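Visitor: What follows is a structure written as structure tokens; I'll ask about it next.
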Amino acid sequence: MHFVYLILTKKEHKFISYVGYTNNLKKRLLLHNNSKGAKFTRGRKWRLIYFKKFDNKSIALKEEFKLKKDYNLRKRIKEKYIK
């Protein structure tokens, strides 16, 4: 299995999101929360708010790229979670 995910944290009065890809979602979230994930995510506590499962790695990576570039889609997902 391959996953594309969106995690969220709150910094002051603003929500910050991060989009990523992994084949082990639970382990990856632990890495982010233990400051061993991507440099951008270090030092913050993250919540998983969205993920999608894929059987094919190349399709998952294409979806990750799409989600990273589509600000409106990320915004809709975040707003749904925040409300």
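The values are calculated or read from the model by the stated rules, or taken from the named source; none is laboratory data. Worth saying up front: this structure is predicted, and the values here are computed from it rather than measured. Methodologically, a virtual Cβ is constructed for each residue, glycine included, from the backbone with ideal geometry; neighbour enumeration extends over all protein chains shown.
Visitor: Condition first: free of Cβ contacts under 8 Å to residues at least 60 places away in the same chain, within 15 Å of K75 (Cα to Cα) and either surrounded by 12 or more Cβ atoms within 10 Å (Cβ to Cβ) or among the hydroxyl-bearing types (S, T, Y) (or both). Can you find one or more residues in the range 18-28 that meet it?
Guide: For the range 18-28, residues free of Cβ contacts under 8 Å to residues at least 60 places away in the same chain, within 15 Å of K75 (Cα to Cα) and either surrounded by 12 or more Cβ atoms within 10 Å (Cβ to Cβ) or among the hydroxyl-bearing types (S, T, Y) (or both): present.
Visitor: Do we find that K68 is surrounded by 13 or more Cβ atoms within 10 Å (Cβ to Cβ), under 15 Å from G20 (Cβ atoms) and within 11 Å of the chain's Cα centre (by Cα) in this structure?
Guide: Yes: the conditions hold for K68.
Visitor: Look at T41 and say whether it is farther than 20 Å from I82 by Cα and of a type in the set (V, I, T).
Guide: no
Visitor: With touching a strand residue (DSSP E or B) at 6+ places or on another chain (Cβ under 9 Å) and basic (K, R) as the only criterion, which of K36, K52, K27, K69 stands out?
Guide: K52
Visitor: Sort out which residues of the range 29-83 are within 14 Å of L8 (Cα to Cα), in contact (Cβ under 8 Å) with a residue 24 or more places away in the chain and among the polar types (S, T, N, Q), and write them in order of number.
Guide: T41
Visitor: Check K11, K78, K36, K52 and return the single one that is modelled with pLDDT under 95 and within 13 Å of the chain's Cα centre (by Cα).
Guide: Testing whether each residue is modelled with pLDDT under 95 and within 13 Å of the chain's Cα centre (by Cα) leaves just K78.
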